[in-house]
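The values are calculated or read from the model by the stated rules, or taken from the named source; none is laboratory data. Note that the coordinates shown come from a computational prediction; the quantities given were computed from them, not determined experimentally. Backbone-built Cβ (ideal geometry, glycine too); neighbour counts: all protein chains shown. Surface accessibility is based on the protein's heavy atoms, side chains included, excluding ligands, DNA and RNA. Shrake-Rupley method; radii C 1.70, N 1.55, O 1.52, S 1.80 Å.
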Amino acid sequence: MTAQLNDYSKIYDIAVIGGGINGVGITNDAAGRGLSVFLCEKDDLASHTSSASSKLIHGGLRYLEYKEFRLVREALAEREVLLAKAPHIIKPMRFIMPHRPHLRPAWLIRAGLFFYDHLGKRETLLGSNNIYFKENSPLKPAITRGFEYSDCTVDDARLVVLNAMQAREKGADVVTQTRCIAAERQEGLWCLYLQDEHESYQIWARALVNATGPWVEQIIREEMQLPSPYGVRLIQGSHIVVPKLYDCHKAFIMQNEDRRIVFAIPYLEQYTLIGTTDQEYHGDPQTVQITDQETDYLLAIANSHFKKQLTRADIVSQFSGVRALCDDESDNPSAITRDYTLALQSENGQMPLLSVFGGKITTYRKLAEAAMEKLEPFFDGISGEWTAEAVLPGAEGWTSIDDLIGKIQQQVQGISSALAKRWAHSYGTRVWVMLAGRNSIEQCGQAFGHELFQHEVDYLCEVEWAITADDILWRRTKLGLQFNAMEKAVLESYLAKKKQKEDAA
């Protein structure tokens with residue numbers, strides 16, 4: 001392929017391929033430093049690994065066993081930073097680890113929790129303590145004691161979207177449903193060949209970031225025709241969603257005979273999220289699905305801990321994701337490092353290619369800072385780090401979630417407490433932008449079911465890159481578990497007509 005660079009070609013400082021948490025994090029950081037940035041995503045934002053997580057901002061207690069001290073220290077400190085950046089989508093949660101003495105002795109767990117309490121900066125999160133279970137415990141009677149500590153939960157897909165929104169507000173161009181079909185160095189620049197629904201086109205950039213997760217090695221070898229600096233191990237992680245297993249708002253961290261751990265986490269008020277698994281994956285990351293073996297594994301672990309016994313009939317939803325970890329030649333998938341590796345390839349000190357291997361949602365911001373540190377020598381006069389103190393969209397003027405819910409109920413006549421709560425947690429103070437002066441539910445347009453209204457749908461399409469029903473139901477609002485096939489079809493019909501009008505205009 002050969003493109004023509006001319007006087008009308010826009011040249012970006014950085015082009016980013018991949019709209020997961022690492023791609024949008026780097027895009028946001030770079031845009032905030034005054035660089036011109038372009039990001040393309042072949043599907044929807046957070047449509048793969050970044051929305052298939054355990055929904056946690058956590059230090060990674062089990063990583064201490066693998067001596068991942070740098071990663072754990074960084075992740076522990078980031079919990080407090082991210083809590084302050086996005087308090088509407090991130091909240092503290094207490095985690096209970098039932099003691100299974102034949103798996104790990106109490107002294108070992110206490111030692112790990114001591115490090116967990118003191119290895120990273122902790123200002124608002126509570127420390128760890130011992131706990132003893134009474135007759136009303138949801139756990140089996142044989143489990144009489146355990147340990148409790150703090151981490152956080154997060155709406156993972158919305159964290160991606162909010163970073164993309166902030167990047168756009170700082171001047172970045174973010175496009176979805178746009179595939180990079182090739183990239184090559186030309187005339188001292190990177191030329192990216194892009195394909196969207198309507199056309200093929202090219203953009204030019206001084207630096208290129210490959211943040212494509214499970215596709216990182218494939219992009220380097222096939223789309224760029226370059227050798228990959230590292231190999232990738234694809235690790236499948238799956239989760240199941242079941243009706244609420246217990247009534248308290250705490251999560252449980254369950255130890256298993258294979259020395260892995262599995263979480264049981266309160267999810268969307270009505271459910272419990274159970275996961276994750278760790279197994280090698282050799283298929284197409286685009287089509288990953290939970291296996292029967294994984295389902296049985298998760299059910300067995302839950303049933304070995306909780307009084308309430310689960311069967312396959314209890315599963316209301318399930319999802320799988322593929323984590324692309326830097327190949328450290330470990331024999332055990334659970335032992336492969338979760339730390340990130342940034343590989344910089346530069347031709348004659350110019351036209352850098354930075355590829356991201358690995359990473360965790362918790363450390364996405366620090367990964368972005370590390371990426372900018374590697375790219376900074378290629379740009380003159382860029383500003384310094386800024387993301388640690390800057391809140392994400394929706395956290396401006398923040399007081400508390402209860403205060404915001406109360407204000408929404410006061411302004412919007414006819415709103416239910418459940419909808420006010422969902423809007424507050426989804427949009428934070430940007431709810432007023434979403435409402436655009438509307439002061440009653442009647443003004444919000446067509447009702448699609450489960451308190452999803454036309455005006456919110458329009459906002460998600462116009463401001464948050466939503467295109468399909470799945471974009472809205474699973475990654476923007478988390479209403480997917482409530483919508484039936486007929487209700488979803490009505491929403492899809494509305495979106496199709498809306499798109500026809502926009503295309504005709």
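Just checking, does segment 201-219 include any residue being without any contact (Cβ under 8 Å) to a residue 12 or more places away in the chain, touching a Phe, Trp or Tyr at 6+ places or on another chain (Cβ under 9 Å) and surrounded by fewer than 18 Cβ atoms within 10 Å (Cβ to Cβ)?
Yes, segment 201-219 has at least one match.
Please name all residue pairs, on different chains or six or more residues apart, with Cβ atoms under 9 Å, provided the first residue is in segment 286-298 and is under 13 Å from Gly321 (Cβ atoms) and the second residue is aromatic (Phe, Trp, Tyr) and part of a loop (DSSP other than H, G, I, E, B).
Going by the 9 Å Cβ cut-off, the qualifying pairs are Val288/Tyr281.
Considering each residue of segment 423-478, count those that are over 19 Å from Leu268 (Cα atoms), open to solvent by 40 Å² or more (accessible area, probe 1.4 Å) and in contact with a Ser or Thr (Cβ under 9 Å, 6 or more places away or on another chain), and give that number.
Of the residues in that region, 1 qualify.
Might you check whether a residue that is within 27 Å of the chain's Cα centre (by Cα), within 19 Å of Gly59 (Cα to Cα) and not polar (S, T, N, Q) occurs anywhere in segment 100-111?
Within segment 100-111, not a single residue is within 27 Å of the chain's Cα centre (by Cα), within 19 Å of Gly59 (Cα to Cα) and not polar (S, T, N, Q).
Looking only at residues in segment 116-150 that are part of a strand (DSSP E or B) and open to solvent by 70 Å² or more (accessible area, probe 1.4 Å), which one is farthest from Leu64 (Cα to Cα)?
Ranking the qualifying residues of segment 116-150, first place goes to Tyr132.
What number of residues within segment 251-284 satisfy the criterion of being aromatic (Phe, Trp, Tyr) and within 30 Å of Gln218 (Cα to Cα)?
Residues flagged as aromatic (Phe, Trp, Tyr) and within 30 Å of Gln218 (Cα to Cα) within segment 251-284 amount to 1.
So, in segment 46-61, exactly how many residues are open to solvent by 40 Å² or more (accessible area, probe 1.4 Å) and either among the acidic types (Asp, Glu) or part of a helix (DSSP H, G or I) (or both)?
So the answer is 1.
What is the residue count in segment 479-505 for residues that are within 26 Å of the chain's Cα centre (by Cα) and either surrounded by 12 or more Cβ atoms within 10 Å (Cβ to Cβ) or of a type in the set (Asp, Glu) (or both)?
9
Restricting the first residue to segment 364-381 and requiring it to be within 19 Å of Gly18 (Cα to Cα), which pairs with a second residue that is open to solvent by 10 Å² or more (accessible area, probe 1.4 Å) and among the aromatic types (Phe, Trp, Tyr) meet a Cβ separation below 8 Å and a spacing of at least six or different chains?
Leu367/Tyr340; Ala370/Tyr340
Which is under 18 Å from the mean Cα position of the chain (by Cα) and among the acidic types (Asp, Glu), of Asp339, Asp403, Asp380?
Asp339
Take Ala111 and tell me if it is aliphatic (A, V, I, L, M) and either open to solvent by 20 Å² or more (accessible area, probe 1.4 Å) or within 19 Å of Arg365 (Cα to Cα) (or both).
yes
Would it be correct to say that Leu481 is without any contact (Cβ under 8 Å) to a residue 60 or more places away in the chain and either more than 23 Å from Arg168 (Cα to Cα) or not in a helix (DSSP H, G or I) (or both)?
Considered against the rule, which asks whether it is without any contact (Cβ under 8 Å) to a residue 60 or more places away in the chain and either more than 23 Å from Arg168 (Cα to Cα) or not in a helix (DSSP H, G or I) (or both), Leu481 comes out as no.
From the list Glu280, Glu294, which residue is farther than 25 Å from Ser150 by Cα and open to solvent by less than 10 Å² (accessible area, probe 1.4 Å)?
Glu294
Restricting the search to segment 227-269, which residues are open to solvent by 20 Å² or more (accessible area, probe 1.4 Å), touching a Pro at 6+ places or on another chain (Cβ under 7 Å) and outside any strand (DSSP E or B)?
His249
Please state which of the following conditions Val322 fails to meet, knowing it meets all the rest: (1) open to solvent by 10 Å² or more (accessible area, probe 1.4 Å); (2) modelled with pLDDT of 95 or more.
The single condition Val322 does not satisfy is (1).
If you take the residues in segment 23-45 that are part of a helix (DSSP H, G or I), in contact with a Leu (Cβ under 8 Å, 6 or more places away or on another chain) and not hydroxyl-bearing (Ser, Thr, Tyr), which one is nearest to Leu192 (Cα to Cα)?
Among those residues, the one meeting the criterion is Gly23.
Does segment 166-193 hold any residues that are touching a helix residue (DSSP H, G or I) at 6+ places or on another chain (Cβ under 7 Å) and either buried (at least 19 other Cβ atoms within 10 Å of the Cβ) or modelled with pLDDT under 95 (or both), and which are they?
The answer is Gln166, Ala167, Lys170, Ala172, Val174, Cys180, Ala183.
Matching residues to (1) at pLDDT 95 or above; (2) within 30 Å of Pro141 (Cβ to Cβ):
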site: Tyr63; (1), (2): no, no
site: Tyr66; (1), (2): no, no
site: Met97; (1), (2): yes, yes
site: His102; (1), (2): no, yes
site: Ala106; (1), (2): no, yes
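Between a first residue in segment 172-199 that is of a type in the set (Lys, Arg) and a second residue that is surrounded by 14 or more Cβ atoms within 10 Å (Cβ to Cβ), which pairs have beta carbons less than 6 Å apart while being 6 or more apart in sequence or on different chains?
Qualifying pairs under 6 Å: Arg179/Lys42; Arg179/Gln195; Arg185/Met351.
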